[in-house]
Amino acid sequence: MSDLEKIHTGIPELDMVLRGGLPQQRIHLVEGRPGSGKTTIGLRFLIDGAEKGETCLYVSLSETVEELRATAASHGWSLENIALREVVPAEVQLGRQQSVLFPSEVELGETIAAITGAVQDIAPTRVVIDSMSELRMVADDPMRYRRQIVALKRFLLRQNCTTLLMDDLTDEPRQYDLQGTVHGVITLEQREREFGAARRRLRVVKMRGAEFQSGWHDFAITAREVYVFPSLIADEHKSERSRDAITSEIPALDGMLCGGLARGTSALILGPTGVGKSSLALQYANVAAERQEHVAYFAFDESRATLVERANGLSMRAADAIDKGTIYWERINPSRISPGEFIWKVRRQVEGQGAAVVVIDSLNSYLETMHEEKALMLQMHELLSYLSNQGVLSILIVGQSGLLNDVGDPLDIAFISDTVILMRYFEAEGQVRKAISVVKKRPGRHETSIREFSLTAAGVAVGPALEELQGVLSGAPRAAAEASGPPEAVAPPPPVGHD
């Protein structure tokens, strides 16, 4: 463990990634392309210090004070207690530009002197210098630039302040790389999608002498705040909870599962569209809520009104449970959310509200909207491991393509779940009927029977085993006696007139 004193960034979840915050009285680099969120994070860092009574300074080499105030105002923030200083590099001052000879050594030195002068005048404990690309504009030689930056670093260390340097990564190739000079480096990235909101993420490249959580972490900049969503490490989160079974209160279904679905496991409900997957998941959610257990229901495909209408049609009191908060229901728009943010929402319900059941309806919309399917699958596996460690029953719904005899699994994710409940349509006696079976249950036994499934005004119903039929899962079953006889092609025809 590091014994460095740390300072909060003003973003609690980023402090979690940094294992407590930024090492104090050191110099850290926040780098990222224009628009990735550097200025917003820098402002949040200083606002946090100002709220704690610290002296804070923002040195801007590219934006005016009015522009900075406008940026803060767009988030509802005030910069009233933060010192703002504009330092305009001489090279970008129209009156001082030279067309024949430009003394870059002198101009770079003057700009650095203006920065150090502002720091000496204010004597801050927190400093943001935005951005280093403006200094590179007046340095035509990487070695000269590096010498000046080293001198600036030594000066800032003597001032006992914690400094964030902003860099927009505009120099290619990286001749003016700052990473080797500073103590810590945080890289921001903004990735555009073919459809939907851009995805922002960050990673800590280094933090000299301090621990941090490596890897990429999604983050979001909202109208009021900056949120970081630390990547999930399931092994770091374990809870001592009951591991008993959660029943559906449908005797035949509980019999098929030999008691019910165990807490701390994941159940996958597979089936074609309209077969009743969401209704079955809602049955478990409704029963848990009636036992006064907290349920988190994340819907990607349908509105709250549709869910409530379904619940009312099945004589479930889910609407009351949602209104009371026993069932937390949230509509998730997969084109506007990152994987990390979704996992964070789940965690808040588990850790903050003690959710016993989590329903994700459906995985198709979530996984198929993103382009990093392999990474998403790893994240989903980590999420299920986390829920298992927390003793939470997770119910995942996956829609399958096709309706009767050609049903396929478009996601091929049955391997990540503990229990698989398969639902199918089949044709019999001139009707389209529904069947349910349990094809996998990792923790314990289960029935291998296929039973009829139906939705009635009284609720979800599971009937007796379809023992008289074979080929139900193919969609076109035959009578068991017919199926067990000799092949029709070789069976002798009955004698004419024989009774």
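In this structure, is residue 42 surrounded by 18 or more Cβ atoms within 10 Å (Cβ to Cβ) and modelled with pLDDT of 95 or more?
Criteria met by residue 42.
Have a look at 330, 341, 302, 240 and point out the one that is at pLDDT 95 or above and either acidic (Asp, Glu) or in contact with a Lys or Arg (Cβ under 6 Å, 6 or more places away or on another chain) (or both).
330
Looking for something within 26 Å of residue 391 (Cβ to Cβ), open to solvent by less than 10 Å² (accessible area, probe 1.4 Å), in contact with a strand residue (DSSP E or B) (Cβ under 6 Å, 6 or more places away or on another chain) and not in a helix (DSSP H, G or I) - is there at least one such residue anywhere in region 271-283?
Checked region 271-283: no residue is within 26 Å of residue 391 (Cβ to Cβ), open to solvent by less than 10 Å² (accessible area, probe 1.4 Å), in contact with a strand residue (DSSP E or B) (Cβ under 6 Å, 6 or more places away or on another chain) and not in a helix (DSSP H, G or I).
For residue 291, which of the numbered conditions (1) among the basic types (Lys, Arg); (2) more than 22 Å from residue 413 (Cβ to Cβ); (3) buried (at least 20 other Cβ atoms within 10 Å of the Cβ) fails to hold?
(3)
Condition check: surrounded by 16 or more Cβ atoms within 10 Å (Cβ to Cβ), at pLDDT below 95 and on the phi < 0 side of the Ramachandran plot. Does residue 62 satisfy that?
yes
May I ask you to list the residues in region 132-164 that are among the hydroxyl-bearing types (Ser, Thr, Tyr) and touching a helix residue (DSSP H, G or I) at 6+ places or on another chain (Cβ under 7 Å)?
Of everything in region 132-164, those that are among the hydroxyl-bearing types (Ser, Thr, Tyr) and touching a helix residue (DSSP H, G or I) at 6+ places or on another chain (Cβ under 7 Å) turn out to be 145, 163.
Quick one: would you say residue 214 is hydroxyl-bearing (Ser, Thr, Tyr), more than 30 Å from residue 420 (Cβ to Cβ) and assigned to a loop (DSSP other than H, G, I, E, B)?
So residue 214 passes the test.
Looking at region 250-299, which of the residues that are over 23 Å from residue 382 (Cβ atoms) and of a type in the set (S, T, N, Q) is modelled with the lowest pLDDT?
273
Which residue, of 261, 232, is farther than 25 Å from residue 75 by Cα, in contact with a Ser or Thr (Cβ under 7 Å, 6 or more places away or on another chain) and surrounded by 15 or more Cβ atoms within 10 Å (Cβ to Cβ)?
261
Grab the helices (runs of 4 or more DSSP H) fully contained in region 285-361, keeping just those with 3 or more residues being without any contact (Cβ under 8 Å) to a residue 60 or more places away in the chain and charged (D, E, K, R).
304-313, 318-324
Taking the conditions exactly as written (open to solvent by less than 30 Å² (accessible area, probe 1.4 Å) and farther than 22 Å from residue 455 by Cα), does residue 322 satisfy them or not?
no
Let me confirm something: among 199, 191, 174, which residue is modelled with pLDDT under 95 and surrounded by 18 or more Cβ atoms within 10 Å (Cβ to Cβ)?
Residue meeting the stated conditions: 199.
The values are calculated or read from the model by the stated rules, or taken from the named source; none is laboratory data. Note that this is a predicted model, so its numbers are computed, not measured. In this analysis, Cβ positions are derived from the backbone assuming ideal geometry, glycine residues included, and neighbour counts consider all displayed protein chains. Ligands, DNA and RNA are stripped out before the accessible areas are found, and what is left, the full protein with its side chains, is counted by its heavy atoms. Shrake-Rupley method; radii C 1.70, N 1.55, O 1.52, S 1.80 Å.
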